[in-house]
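Since every read-out is calculated from the coordinates, none of them should be taken as a lab result. None of these values were measured; they are calculated from a predicted model. Cβ placement follows ideal geometry from the backbone for every residue including glycine, while neighbour counts extend to all protein chains displayed.
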Amino acid sequence: MSRILLIEDEIVIRAELRRLLSRHGHAVVEAGSIAEAEAGHDLSAFDLVLADVRLPGAPGTELVGRCGSAPVVLMTSYATVKAAVEAVKRGAADYLSKPFDHDELVALVEHHLASARSARGALPEVAPHVPSSAAPPQSVPPPQSVPPPQSVPPPQSVPPAPDDDELEGMVGGSAAMREVFAQVRKVAPSEATLLVVGEGGTGKETLSRAVHRLSPRRQQPFVLVQCAAIPDAQIEGELFGYEAGAAAGALTARAGLCEAAEGGTLLLDEIGELPMKVQARLLRFLQTGEVRRVGSTRARRADVRLIAATHRDLGAMVREGSFRSDLYFRLRVLEIRLPPLRERPGDAVRIAESLLKRRTRMGQAPLALSAEARAAIAAAAWPGNVRELENAVHRAVVLAGGSAIERAHLGLDDPPRPSPSAPPAPQREATPPSDSLEGYFRRFVLEHQDELTETEIARRLGISRKALWERRQRLGIPRPRS
């Protein structure tokens, strides 16, 4: 059983995280500030420290170097991402950008606990990347001359081992996923821009992290930017930084996330949400490798590898005029498509079993899938892909009373079948579960979030994208995650 120190000043959030980590077999010690934690505990006695960046008194970034060999994982809102990235450069293990879901947190915690227990000797022998901010800008051809997207070399050039069903957090033994694994290994050492496409829940962020961890940049920051979570009015300054006085409230100059990712990898999740004005600045950055802060005339060199992820059809958005064609061609120099679970025969059961094995490795009682549960998992459609499957398995773990998970624990209900002797019921419009505005908001967002962008949803609801994001958080409606 691993001992985790949780430092969070919001009591409700702290209690929720404590319950989550306890359910996964960890012993959790709580504190509301660094001072409170140090007053009652030896920080170096824990296996991992999980802390918010914004705390009363000293910020969570001050934990770096004060916890011995225990990995320090920071939780941060987009407003404090740069502080978290700087902490990672100084020795923090990782950070999570809010809002995050429970599966993401558990996976990250377990990854760093496992890394702390064993030396990371499985990484390929590639020379570590050394940032070179002083290097002169390279001449880059104009967007029109960008070649068509490179078809990532076929998997035969990097054959996976016969039993190689996992790669840096991704699980799959199907032919489709073995091809993805081979593509990841092939593109990881490259410096070229990578576009990752796939339906919601297929694991685009996990794949992007795998590319980073297998690359020469692995010891430099991995900066995740959730494009839809940052209001339109702020995203330009967040990405590229700003000078003092460049905008309302900009009292001091501030570096952007492109600069914060210096030497490492920058993931722009749901890049289709970027406003056109920001798309133009991003294109300029990709062409020159330079960042010009808002309100500044000075260009700063930024040595960053860019990965973009989306569940949208960017080609269709280009044709509609909502996404720049020149940026689209720049982004898809390399492209990996993550297949949905329905195109990965056998992988749903493999993923479920991998989750149960991970649980056992963390010191919890072994659990197995019954034959009926295995058959149900294999037959299910899983429209929410890996994320939906993970949620079903976590639910089953909680409900299972014995040593096996049964079909009923998974919550996979069969569609209702009409009785052969009874006439079909007349079709009626479904009664809405709630007549309240919040009920309507919840239904509308959940029904349209896989087809529409956040900007389009907000426009149809008659609210700003920032208001949409804030209401999601208040009502607990998760966005489709990569």
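Can you give me the convex hull volume of the Cα atoms of the range 270-412, divided per residue and expressed in Å³? Please list the in-between numbers first.
Values: hull volume 24.6 nm³, N = 143.
So the per-residue hull volume is 172 Å³.
Separation of the range 21-71 and the range 255-334 by C-alpha centroid, Å?
That distance is 35 Å.
Test of understanding: ordering MET170, MET1 by Cβ neighbours within 10 Å, fewest first, what list do you get? Could the numbers behind the result be given before it?
Numbers: MET170 21, MET1 10.
Starting with the residue having the fewest Cβ neighbours, the order is MET1, MET170.
Which of rounded, prolate, oblate describes the range 3-117, given a ≥ b ≥ c as roots of the alpha-carbon gyration tensor eigenvalues and a/c under 1.5 marking rounded, otherwise prolate only if a/b is larger than b/c? Let's see the in-between values first.
Working: a/c = 1.12, a/b = 1.06, b/c = 1.05.
Verdict is rounded for the range 3-117.
Provide the packing ranking of 311-321, 391-401, i.e. peptides ordered by the mean count of other C-beta atoms within 10 Å per residue, highest first. Present the calculation step by step, with values, prior to reporting the outcome.
Numbers: 311-321: 14.6, 391-401: 17.0.
Highest mean packing first, the order is 391-401, 311-321.
Given R₀ = 30 Å, FRET efficiency for MET276-ASP101 by Cβ-Cβ distance, to 0.05? Don't jump to the answer; show the numbers that get you there.
Working: r = 30 Å, r/R0 = 0.99.
According to the calculation, E is roughly 0.50.
Where Rh is the Kirkwood radius over the Cα pairs of the range 269-331, the temperature 37 °C and the viscosity 0.692 mPa s, what D in µm²/s does Stokes-Einstein return? Let's see the in-between values first.
Working: Rh = 12.5 Å.
Approximately 262 µm²/s, per Stokes-Einstein.
Using the Karplus curve 6.51 cos²θ - 1.76 cosθ + 1.60 with θ = phi - 60°, what ³J(HN,Hα) values do you get for each residue of the range 391-400, in whole Hz, with x for Gly and Pro?
5, 5, 5, 4, 4, 5, 4, 5, 7, 5
Arranged from highest to lowest average of other beta-carbon atoms within 10 Å per residue, in what order do the peptides 104-111, 258-265 appear?
Per-residue Cβ counts within 10 Å, averaged per peptide and sorted highest first, yield 258-265, 104-111.
Going by amide H atoms built from the backbone, whose H comes under 5 Å of the H on VAL64, apart from near neighbours?
Result for VAL64 returns nothing.
With charges set only on the Cβ (+1 for Lys and Arg, -1 for Asp and Glu), what does the dipole of the range 3-117 come to about its Cα centre, in debye to the nearest 20? Show your work: numbers first, answer last.
Details: 12 positive and 17 negative charges, 40 e Å.
The dipole of the range 3-117 has a size of about 200 debye.
In nanometres, what is the gap between the two model label sites at GLU290 and GLN234, each 7 Å from Cα along Cα-to-Cβ?
3.0 nm
Sorted by average packing, counted as other Cβ atoms within 10 angstrom per residue and highest first, what order do 54-62, 176-184 take?
Numbers: 54-62: 17.7, 176-184: 21.7.
The packing order, highest mean first, is 176-184, 54-62.
Whole percent per 5 Å bin, from 0 to the bin with the longest distance: what is P(r) over all C-alpha pairs of the range 342-409?
That works out to 3, 18, 32, 27, 14, 5, 1, in percent per bin.
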